[in-house]
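Since the structure comes first, as C-alpha coordinates, the remarks are kept for the end.
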Amino acid sequence: MAQCLKSKNRLALAIEQATKFIQAEKEETERQMRRRKANMEPDDPQLLLNNDTSLVAEVKQYLNVIQVKRWIGLGTELFGAASSFLEKPSWWTAGKSMFAMGKVMVEDVEVWAEDYFGGDEWTEPYSTDFNQTLIRILQKFPYERFKTNDENMHVRVCTLPSGVKTGWMVNGKSYEVENIYVETVHLESAKADIKQLLWDQFKGRSLVMRQNNRISINGREPRVIFEVDDVFASQKSKRAMELAEQLQKPLDNNVSRSIMFYGPPGTGKSTLARAIIELMGLRSFRIRIADLEGLNNGTLFEAINIFKPDAVILDDFDRASNQSALLETLEFFQQSVKLVITTVNNRHNLDNALLRPGRVDILEQVDTMDEEVVKHVLGDFADGFELVKEWPIAYINEYVKRRTYMSVEEAAESVKELTRRVEEMMMYEDDGDLNRMAKMLQQASTRVAHRVNRIRKAVTNDGSVGGMPASNSHKKSKKNSD
(Lines give C-alpha, C1' and ligand atoms only; values in the text may rest on other atoms or scores of the structure.)
Protein backbone atom coordinates (compact mmCIF):
# COMPACT_ATOMS: atom_id res chain seq x y z
CA MET A 1 0.00 0.00 0.00
CA ALA A 2 2.89 2.36 0.80
CA GLN A 3 4.43 1.69 -2.60
CA CYS A 4 1.07 2.36 -4.21
CA LEU A 5 0.79 5.70 -2.41
CA LYS A 6 4.33 6.57 -3.49
CA SER A 7 3.45 5.86 -7.13
CA LYS A 8 0.32 7.95 -6.74
CA ASN A 9 2.43 10.86 -5.44
CA ARG A 10 4.82 10.56 -8.38
CA LEU A 11 1.94 10.57 -10.82
CA ALA A 12 0.41 13.58 -9.11
CA LEU A 13 3.79 15.35 -9.33
CA ALA A 14 4.00 14.62 -13.07
CA ILE A 15 0.51 16.00 -13.59
CA GLU A 16 1.42 19.08 -11.54
CA GLN A 17 4.51 19.69 -13.70
CA ALA A 18 2.46 19.32 -16.87
CA THR A 19 -0.07 21.79 -15.46
CA LYS A 20 2.70 24.31 -14.71
CA PHE A 21 3.99 23.89 -18.24
CA ILE A 22 0.54 24.58 -19.65
CA GLN A 23 0.20 27.63 -17.38
CA ALA A 24 3.57 28.95 -18.61
CA GLU A 25 2.46 28.60 -22.22
CA LYS A 26 -0.79 30.35 -21.35
CA GLU A 27 1.06 33.29 -19.79
CA GLU A 28 3.40 33.54 -22.80
CA THR A 29 0.40 33.64 -25.12
CA GLU A 30 -1.15 36.42 -23.02
CA ARG A 31 2.07 38.45 -23.25
CA GLN A 32 2.09 38.05 -27.05
CA MET A 33 -1.52 39.24 -27.23
CA ARG A 34 -0.75 42.27 -25.05
CA ARG A 35 2.25 43.20 -27.24
CA ARG A 36 0.13 42.86 -30.37
CA LYS A 37 -2.56 45.05 -28.84
CA ALA A 38 0.00 47.67 -27.79
CA ASN A 39 1.45 47.83 -31.32
CA MET A 40 -1.92 48.47 -32.98
CA GLU A 41 -2.72 51.91 -34.33
CA PRO A 42 -5.38 53.85 -32.39
CA ASP A 43 -7.75 53.70 -35.34
CA ASP A 44 -7.13 49.99 -35.96
CA PRO A 45 -10.59 48.34 -36.34
CA GLN A 46 -9.27 45.26 -34.54
CA LEU A 47 -8.33 47.40 -31.52
CA LEU A 48 -11.74 49.08 -31.46
CA LEU A 49 -13.36 45.68 -31.65
CA ASN A 50 -11.27 44.40 -28.74
CA ASN A 51 -12.23 47.41 -26.58
CA ASP A 52 -15.89 46.67 -27.06
CA THR A 53 -15.64 42.93 -26.61
CA SER A 54 -17.48 41.38 -23.72
CA LEU A 55 -15.74 39.20 -21.16
CA VAL A 56 -17.27 36.04 -22.66
CA ALA A 57 -16.12 37.02 -26.17
CA GLU A 58 -12.60 37.74 -24.87
CA VAL A 59 -12.45 34.32 -23.27
CA LYS A 60 -13.57 32.72 -26.53
CA GLN A 61 -11.01 34.70 -28.47
CA TYR A 62 -8.29 33.65 -26.03
CA LEU A 63 -9.30 30.02 -26.21
CA ASN A 64 -9.12 30.17 -30.02
CA VAL A 65 -5.38 30.90 -29.88
CA ILE A 66 -3.82 27.80 -31.40
CA GLN A 67 -1.20 27.31 -28.69
CA VAL A 68 -3.85 27.46 -25.95
CA LYS A 69 -6.05 25.01 -27.79
CA ARG A 70 -3.14 22.64 -28.13
CA TRP A 71 -2.19 22.69 -24.47
CA ILE A 72 -5.78 22.42 -23.27
CA GLY A 73 -6.10 19.34 -25.45
CA LEU A 74 -2.85 17.98 -24.05
CA GLY A 75 -3.95 18.57 -20.46
CA THR A 76 -7.26 16.85 -21.09
CA GLU A 77 -5.50 13.80 -22.56
CA LEU A 78 -3.00 13.66 -19.69
CA PHE A 79 -5.70 13.78 -17.03
CA GLY A 80 -7.69 11.21 -18.98
CA ALA A 81 -4.64 8.93 -19.08
CA ALA A 82 -4.18 9.26 -15.29
CA SER A 83 -7.87 8.92 -14.34
CA SER A 84 -7.83 5.12 -13.96
CA PHE A 85 -5.04 5.33 -11.35
CA LEU A 86 -6.61 8.27 -9.50
CA GLU A 87 -9.91 6.43 -9.22
CA LYS A 88 -8.46 3.06 -8.15
CA PRO A 89 -4.81 3.29 -7.02
CA SER A 90 -2.99 0.02 -7.66
CA TRP A 91 0.13 -1.27 -9.35
CA TRP A 92 -1.90 -2.26 -12.37
CA THR A 93 -3.66 1.08 -12.82
CA ALA A 94 -0.40 2.95 -12.08
CA GLY A 95 1.43 1.13 -14.88
CA LYS A 96 -1.51 1.54 -17.23
CA SER A 97 -1.70 5.29 -16.55
CA MET A 98 2.06 5.80 -16.94
CA PHE A 99 2.10 4.08 -20.34
CA ALA A 100 -0.98 6.02 -21.46
CA MET A 101 0.64 9.32 -20.44
CA GLY A 102 3.88 8.34 -22.16
CA LYS A 103 1.98 7.63 -25.37
CA VAL A 104 0.32 11.07 -25.20
CA MET A 105 3.62 12.86 -24.61
CA VAL A 106 5.58 10.99 -27.31
CA GLU A 107 3.06 10.63 -30.12
CA ASP A 108 0.88 13.68 -29.79
CA VAL A 109 3.20 16.31 -28.38
CA GLU A 110 6.50 15.60 -30.13
CA VAL A 111 5.88 17.77 -33.23
CA TRP A 112 3.39 20.51 -34.08
CA ALA A 113 2.84 20.59 -37.85
CA GLU A 114 2.79 24.41 -38.05
CA ASP A 115 5.85 24.95 -35.89
CA TYR A 116 8.49 22.41 -36.89
CA PHE A 117 9.90 24.49 -39.76
CA GLY A 118 8.53 27.79 -38.48
CA GLY A 119 11.72 29.15 -36.92
CA ASP A 120 14.55 31.13 -38.49
CA GLU A 121 16.75 28.05 -38.50
CA TRP A 122 14.90 26.68 -41.55
CA THR A 123 14.63 28.25 -45.04
CA GLU A 124 12.82 27.33 -48.25
CA PRO A 125 15.60 27.30 -50.88
CA TYR A 126 13.28 27.25 -53.90
CA SER A 127 9.65 27.84 -54.82
CA THR A 128 7.05 25.07 -54.72
CA ASP A 129 7.15 24.80 -58.55
CA PHE A 130 10.09 22.42 -58.16
CA ASN A 131 8.91 20.36 -55.16
CA GLN A 132 8.25 17.21 -57.17
CA THR A 133 11.56 17.51 -59.01
CA LEU A 134 13.53 17.90 -55.78
CA ILE A 135 11.67 15.31 -53.72
CA ARG A 136 12.61 12.57 -56.20
CA ILE A 137 16.25 12.89 -55.18
CA LEU A 138 15.73 13.73 -51.49
CA GLN A 139 13.54 10.74 -50.67
CA LYS A 140 16.32 8.40 -51.80
CA PHE A 141 18.20 9.26 -48.61
CA PRO A 142 17.35 7.63 -45.26
CA TYR A 143 15.07 9.99 -43.38
CA GLU A 144 13.55 10.41 -39.95
CA ARG A 145 9.78 10.47 -39.85
CA PHE A 146 7.89 12.50 -37.27
CA LYS A 147 4.19 12.31 -36.57
CA THR A 148 2.51 15.64 -35.95
CA ASN A 149 -0.58 16.74 -34.10
CA ASP A 150 -2.31 16.66 -37.48
CA GLU A 151 -2.79 13.00 -38.32
CA ASN A 152 -2.66 13.80 -42.06
CA MET A 153 0.65 15.67 -41.93
CA HIS A 154 4.09 14.12 -41.48
CA VAL A 155 7.55 15.67 -41.15
CA ARG A 156 10.52 13.99 -42.80
CA VAL A 157 14.14 15.04 -42.30
CA CYS A 158 17.20 13.68 -44.10
CA THR A 159 20.88 14.58 -44.28
CA LEU A 160 22.55 15.63 -47.55
CA PRO A 161 26.06 14.42 -48.51
CA SER A 162 27.65 17.58 -47.06
CA GLY A 163 25.96 16.97 -43.70
CA VAL A 164 23.27 19.63 -44.18
CA LYS A 165 19.82 18.67 -42.93
CA THR A 166 16.82 19.14 -45.18
CA GLY A 167 13.18 18.40 -44.46
CA TRP A 168 9.70 18.54 -45.91
CA MET A 169 6.04 18.24 -44.99
CA VAL A 170 4.02 15.41 -46.55
CA ASN A 171 0.27 15.10 -46.69
CA GLY A 172 -0.46 11.56 -45.55
CA LYS A 173 -3.58 11.24 -47.70
CA SER A 174 -2.49 12.73 -51.04
CA TYR A 175 1.27 12.32 -50.50
CA GLU A 176 1.64 15.87 -51.76
CA VAL A 177 4.79 17.63 -50.59
CA GLU A 178 3.81 20.89 -48.97
CA ASN A 179 7.21 22.61 -48.68
CA ILE A 180 10.91 21.75 -48.71
CA TYR A 181 13.31 23.33 -46.20
CA VAL A 182 17.06 23.38 -45.53
CA GLU A 183 19.11 24.65 -42.60
CA THR A 184 19.43 28.42 -43.00
CA VAL A 185 23.08 28.61 -41.92
CA HIS A 186 24.03 26.03 -44.56
CA LEU A 187 21.81 27.33 -47.39
CA GLU A 188 24.56 27.64 -50.02
CA SER A 189 26.01 24.22 -49.20
CA ALA A 190 22.53 22.71 -49.52
CA LYS A 191 22.02 24.33 -52.94
CA ALA A 192 25.38 23.00 -54.13
CA ASP A 193 24.43 19.50 -52.95
CA ILE A 194 21.02 19.66 -54.62
CA LYS A 195 22.52 20.84 -57.93
CA GLN A 196 25.04 17.99 -57.96
CA LEU A 197 22.40 15.41 -57.05
CA LEU A 198 20.11 16.61 -59.84
CA TRP A 199 22.85 16.29 -62.47
CA ASP A 200 23.98 12.95 -61.05
CA GLN A 201 20.55 11.39 -61.55
CA PHE A 202 20.94 12.16 -65.27
CA LYS A 203 24.59 11.02 -65.22
CA GLY A 204 25.77 14.49 -66.21
CA ARG A 205 24.14 14.33 -69.65
CA SER A 206 22.62 17.36 -71.37
CA LEU A 207 18.95 17.92 -70.60
CA VAL A 208 15.85 19.19 -72.33
CA MET A 209 13.56 21.35 -70.21
CA ARG A 210 9.90 21.50 -71.16
CA GLN A 211 6.59 22.62 -69.75
CA ASN A 212 4.42 19.89 -68.23
CA ASN A 213 1.06 20.00 -70.02
CA ARG A 214 -0.47 17.12 -68.06
CA ILE A 215 -3.32 18.08 -65.75
CA SER A 216 -2.40 17.73 -62.07
CA ILE A 217 -5.27 16.50 -59.91
CA ASN A 218 -3.53 16.17 -56.55
CA GLY A 219 -0.57 18.53 -57.05
CA ARG A 220 1.89 15.69 -57.63
CA GLU A 221 2.69 16.69 -61.22
CA PRO A 222 5.82 18.89 -61.58
CA ARG A 223 5.41 22.28 -63.23
CA VAL A 224 8.38 21.65 -65.51
CA ILE A 225 9.94 18.39 -66.68
CA PHE A 226 13.65 17.67 -67.14
CA GLU A 227 14.67 14.79 -69.41
CA VAL A 228 17.85 13.54 -71.05
CA ASP A 229 18.24 15.30 -74.39
CA ASP A 230 18.41 12.37 -76.80
CA VAL A 231 16.20 13.75 -79.58
CA PHE A 232 19.13 15.10 -81.60
CA ALA A 233 22.12 12.79 -81.97
CA SER A 234 25.41 14.62 -81.68
CA GLN A 235 27.79 14.17 -84.60
CA LYS A 236 31.24 15.73 -84.61
CA SER A 237 32.32 17.56 -87.74
CA LYS A 238 35.08 19.84 -88.92
CA ARG A 239 32.79 22.84 -88.64
CA ALA A 240 31.70 21.89 -85.11
CA MET A 241 35.33 21.58 -84.01
CA GLU A 242 36.26 24.96 -85.53
CA LEU A 243 33.34 26.72 -83.83
CA ALA A 244 34.04 24.97 -80.51
CA GLU A 245 37.63 26.19 -80.63
CA GLN A 246 36.49 29.70 -81.55
CA LEU A 247 34.02 29.84 -78.64
CA GLN A 248 36.37 28.27 -76.09
CA LYS A 249 38.75 31.24 -76.08
CA PRO A 250 36.34 33.82 -74.63
CA LEU A 251 34.95 31.27 -72.16
CA ASP A 252 38.47 30.59 -70.89
CA ASN A 253 38.72 34.33 -70.18
CA ASN A 254 35.37 34.44 -68.32
CA VAL A 255 33.59 36.13 -71.24
CA SER A 256 30.15 34.65 -71.93
CA ARG A 257 29.09 34.26 -75.56
CA SER A 258 25.85 33.89 -77.51
CA ILE A 259 25.69 32.59 -81.07
CA MET A 260 22.74 32.28 -83.45
CA PHE A 261 22.58 29.59 -86.14
CA TYR A 262 20.22 30.61 -88.94
CA GLY A 263 19.27 28.80 -92.13
CA PRO A 264 16.58 26.67 -93.77
CA PRO A 265 14.84 23.92 -91.78
CA GLY A 266 16.60 20.57 -91.63
CA THR A 267 20.15 21.82 -92.20
CA GLY A 268 21.45 20.45 -88.88
CA LYS A 269 21.46 23.57 -86.72
CA SER A 270 20.41 21.74 -83.54
CA THR A 271 22.77 18.85 -84.30
CA LEU A 272 25.62 21.32 -84.73
CA ALA A 273 24.73 23.02 -81.44
CA ARG A 274 24.77 19.69 -79.57
CA ALA A 275 28.11 18.73 -81.13
CA ILE A 276 29.70 22.02 -80.03
CA ILE A 277 28.37 21.61 -76.48
CA GLU A 278 29.81 18.10 -76.18
CA LEU A 279 33.15 19.06 -77.72
CA MET A 280 33.49 21.83 -75.14
CA GLY A 281 32.49 19.51 -72.29
CA LEU A 282 29.57 21.69 -71.15
CA ARG A 283 26.37 20.69 -69.34
CA SER A 284 23.41 22.19 -71.14
CA PHE A 285 19.68 22.79 -71.21
CA ARG A 286 17.79 22.70 -74.50
CA ILE A 287 14.52 24.63 -74.49
CA ARG A 288 12.00 24.92 -77.30
CA ILE A 289 10.62 28.41 -77.72
CA ALA A 290 7.04 27.05 -77.41
CA ASP A 291 7.85 25.76 -73.90
CA LEU A 292 9.69 28.95 -73.06
CA GLU A 293 6.60 31.04 -73.77
CA GLY A 294 4.46 28.74 -71.60
CA LEU A 295 6.59 29.46 -68.52
CA ASN A 296 6.88 32.71 -66.66
CA ASN A 297 10.37 34.15 -66.31
CA GLY A 298 10.39 33.50 -62.57
CA THR A 299 10.06 29.74 -63.06
CA LEU A 300 12.54 29.71 -65.94
CA PHE A 301 15.15 31.75 -64.09
CA GLU A 302 14.79 29.60 -60.96
CA ALA A 303 15.34 26.43 -63.01
CA ILE A 304 18.59 27.93 -64.28
CA ASN A 305 19.58 28.88 -60.72
CA ILE A 306 18.85 25.37 -59.43
CA PHE A 307 20.71 23.40 -62.10
CA LYS A 308 23.23 26.09 -63.09
CA PRO A 309 23.93 24.69 -66.59
CA ASP A 310 27.00 25.83 -68.50
CA ALA A 311 25.07 26.37 -71.73
CA VAL A 312 21.52 26.86 -73.00
CA ILE A 313 20.20 25.94 -76.46
CA LEU A 314 17.06 27.79 -77.56
CA ASP A 315 15.43 26.04 -80.54
CA ASP A 316 13.10 27.68 -83.08
CA PHE A 317 13.75 31.12 -81.66
CA ASP A 318 12.04 32.87 -84.59
CA ARG A 319 8.71 31.25 -83.70
CA ALA A 320 8.26 33.47 -80.65
CA SER A 321 4.88 35.18 -80.63
CA ASN A 322 5.97 37.87 -78.17
CA GLN A 323 9.53 38.84 -79.02
CA SER A 324 9.72 41.77 -76.60
CA ALA A 325 9.34 39.32 -73.68
CA LEU A 326 12.50 37.55 -74.83
CA LEU A 327 14.75 40.57 -74.30
CA GLU A 328 14.93 40.02 -70.54
CA THR A 329 15.35 36.28 -71.05
CA LEU A 330 18.37 36.65 -73.34
CA GLU A 331 20.02 39.17 -71.02
CA PHE A 332 19.50 36.86 -68.04
CA PHE A 333 21.05 33.94 -69.91
CA GLN A 334 24.05 36.08 -70.85
CA GLN A 335 24.63 36.84 -67.16
CA SER A 336 23.89 33.33 -65.84
CA VAL A 337 25.41 30.82 -68.29
CA LYS A 338 28.64 30.65 -70.24
CA LEU A 339 27.21 29.95 -73.69
CA VAL A 340 23.83 30.57 -75.33
CA ILE A 341 23.06 29.01 -78.74
CA THR A 342 19.86 29.94 -80.57
CA THR A 343 18.58 28.32 -83.76
CA VAL A 344 16.27 30.09 -86.23
CA ASN A 345 14.99 29.36 -89.71
CA ASN A 346 14.60 33.00 -90.67
CA ARG A 347 16.43 35.68 -88.73
CA HIS A 348 14.61 38.38 -90.71
CA ASN A 349 11.50 37.57 -88.68
CA LEU A 350 13.26 38.75 -85.52
CA ASP A 351 13.22 42.24 -84.11
CA ASN A 352 16.54 44.05 -84.52
CA ALA A 353 16.64 44.63 -80.75
CA LEU A 354 17.06 40.86 -80.25
CA LEU A 355 20.03 40.70 -82.60
CA ARG A 356 22.30 43.29 -81.05
CA PRO A 357 25.50 42.23 -79.24
CA GLY A 358 24.84 41.45 -75.60
CA ARG A 359 21.86 39.36 -76.68
CA VAL A 360 23.25 37.73 -79.83
CA ASP A 361 27.01 38.20 -80.19
CA ILE A 362 27.69 36.04 -83.26
CA LEU A 363 25.57 35.25 -86.33
CA GLU A 364 26.44 32.02 -88.17
CA GLN A 365 24.64 30.88 -91.32
CA VAL A 366 23.94 27.15 -91.61
CA ASP A 367 22.45 26.48 -95.05
CA THR A 368 23.60 22.87 -95.55
CA MET A 369 24.45 19.95 -93.28
CA ASP A 370 28.09 19.14 -92.59
CA GLU A 371 29.56 16.41 -94.80
CA GLU A 372 30.38 14.19 -91.81
CA VAL A 373 26.82 14.43 -90.53
CA VAL A 374 25.28 13.58 -93.92
CA LYS A 375 27.50 10.50 -94.32
CA HIS A 376 26.64 9.40 -90.78
CA VAL A 377 22.91 9.66 -91.54
CA LEU A 378 23.30 7.76 -94.83
CA GLY A 379 25.12 4.90 -93.13
CA ASP A 380 25.26 1.93 -95.54
CA PHE A 381 23.91 4.08 -98.36
CA ALA A 382 26.77 6.62 -98.40
CA ASP A 383 27.11 6.00 -102.16
CA GLY A 384 24.24 8.45 -102.57
CA PHE A 385 26.12 11.29 -100.82
CA GLU A 386 26.56 13.44 -103.96
CA LEU A 387 22.84 13.20 -104.70
CA VAL A 388 21.57 14.25 -101.28
CA LYS A 389 24.38 16.29 -99.66
CA GLU A 390 22.45 19.57 -99.93
CA TRP A 391 19.07 18.16 -98.89
CA PRO A 392 17.41 18.93 -95.54
CA ILE A 393 17.67 16.16 -92.95
CA ALA A 394 14.02 15.08 -93.31
CA TYR A 395 14.54 14.30 -97.02
CA ILE A 396 17.83 12.48 -96.38
CA ASN A 397 16.12 10.30 -93.77
CA GLU A 398 13.33 9.54 -96.25
CA TYR A 399 15.92 8.61 -98.88
CA VAL A 400 17.55 6.15 -96.45
CA LYS A 401 14.19 4.56 -95.62
CA ARG A 402 13.37 4.05 -99.28
CA ARG A 403 16.79 2.54 -100.04
CA THR A 404 16.16 -0.19 -97.46
CA TYR A 405 13.33 -1.75 -99.48
CA MET A 406 13.59 -0.38 -103.06
CA SER A 407 15.42 -1.84 -105.99
CA VAL A 408 18.18 0.15 -107.73
CA GLU A 409 15.78 1.28 -110.47
CA GLU A 410 13.06 2.23 -107.99
CA ALA A 411 15.58 4.17 -105.88
CA ALA A 412 16.75 6.12 -108.96
CA GLU A 413 13.18 7.19 -109.72
CA SER A 414 12.64 7.99 -106.05
CA VAL A 415 15.65 10.33 -106.05
CA LYS A 416 14.11 12.30 -108.92
CA GLU A 417 10.85 12.73 -107.03
CA LEU A 418 12.58 13.79 -103.81
CA THR A 419 14.88 16.15 -105.71
CA ARG A 420 11.87 17.87 -107.28
CA ARG A 421 10.25 18.32 -103.88
CA VAL A 422 13.44 19.79 -102.40
CA GLU A 423 13.75 22.24 -105.34
CA GLU A 424 10.14 23.33 -104.88
CA MET A 425 10.74 23.94 -101.20
CA MET A 426 13.90 25.93 -101.94
CA MET A 427 12.07 27.94 -104.61
CA TYR A 428 9.36 28.78 -102.08
CA GLU A 429 11.95 29.98 -99.62
CA ASP A 430 13.71 32.03 -102.33
CA ASP A 431 10.35 33.62 -103.20
CA GLY A 432 9.99 34.48 -99.55
CA ASP A 433 13.39 36.18 -99.58
CA LEU A 434 12.47 38.12 -102.74
CA ASN A 435 9.19 39.17 -101.22
CA ARG A 436 10.97 40.42 -98.12
CA MET A 437 13.47 42.31 -100.29
CA ALA A 438 10.67 43.84 -102.35
CA LYS A 439 8.87 44.86 -99.17
CA MET A 440 12.04 46.51 -97.84
CA LEU A 441 12.52 48.42 -101.13
CA GLN A 442 8.90 49.50 -101.07
CA GLN A 443 9.25 50.79 -97.52
CA ALA A 444 12.44 52.66 -98.45
CA SER A 445 10.73 54.16 -101.50
CA THR A 446 7.80 55.29 -99.35
CA ARG A 447 10.15 56.98 -96.88
CA VAL A 448 11.94 58.83 -99.72
CA ALA A 449 8.62 59.96 -101.20
CA HIS A 450 7.48 61.31 -97.83
CA ARG A 451 10.72 63.22 -97.43
CA VAL A 452 10.43 64.77 -100.90
CA ASN A 453 6.89 65.89 -100.11
CA ARG A 454 8.05 67.54 -96.90
CA ILE A 455 10.75 69.43 -98.79
CA ARG A 456 8.25 70.61 -101.41
CA LYS A 457 5.91 71.89 -98.75
CA ALA A 458 8.79 73.70 -97.08
CA VAL A 459 9.55 75.64 -100.29
CA THR A 460 7.06 78.53 -100.24
CA ASN A 461 5.97 80.72 -103.18
CA ASP A 462 8.20 83.63 -102.07
CA GLY A 463 11.32 81.48 -102.34
CA SER A 464 11.85 80.86 -98.62
CA VAL A 465 12.83 77.36 -97.61
CA GLY A 466 11.74 75.90 -94.34
CA GLY A 467 10.74 79.37 -93.02
CA MET A 468 14.20 80.90 -93.82
CA PRO A 469 14.44 84.09 -95.95
CA ALA A 470 15.67 83.75 -99.51
CA SER A 471 19.26 84.78 -100.38
CA ASN A 472 20.13 88.37 -101.51
CA SER A 473 21.01 87.23 -105.01
CA HIS A 474 17.61 85.65 -105.32
CA LYS A 475 15.94 88.92 -104.21
CA LYS A 476 18.10 90.96 -106.66
CA SER A 477 17.23 88.76 -109.62
CA LYS A 478 13.57 89.00 -108.70
CA LYS A 479 13.75 92.87 -108.58
CA ASN A 480 15.52 93.09 -112.01
CA SER A 481 12.87 90.91 -113.57
CA ASP A 482 10.26 93.33 -112.29
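The values are calculated or read from the model by the stated rules, or taken from the named source; none is laboratory data. Note that the structure is a prediction, hence the values are computed from the model and not measured. When we count neighbours, we look across all protein chains shown, and the Cβ atoms used for this are built from the backbone with ideal geometry, even at glycine. With ligands, DNA and RNA removed, areas are computed over all heavy atoms of the protein, side chains included. Shrake-Rupley method; radii C 1.70, N 1.55, O 1.52, S 1.80 Å.
Points to keep in mind about this one:
- Using the Cβ of GLU398 as centre and a radius below 12 Å, the other residues enclosed give a net charge of +3, where K and R count +1 and D and E count -1.
- Loop-located trypsin sites (Lys or Arg not before Pro) in the stretch 259-311 (DSSP state other than H, G, I, E, B) with a sparse environment of at most 14 neighbouring Cβ atoms within 10 Å are absent.
- ³J(HN,Hα) computed for each position of the stretch 241-250 - Karplus, 6.51 cos²θ - 1.76 cosθ + 1.60, integer Hz, glycine/proline x: 5, 5, 5, 4, 5, 5, 7, 5, 4, x
- Solvent-accessible surface ranking, highest first, for ASP200, ASP120, ASP193 at 1.4 angstrom: ASP120, ASP200, ASP193
- The figure for SER162 is an accessible area of roughly 70 square angstrom, using a 1.4 Å probe on the protein chains alone.
- Solvent-accessible area per residue for the stretch 284-399 (1.4 angstrom probe, square angstrom): 43
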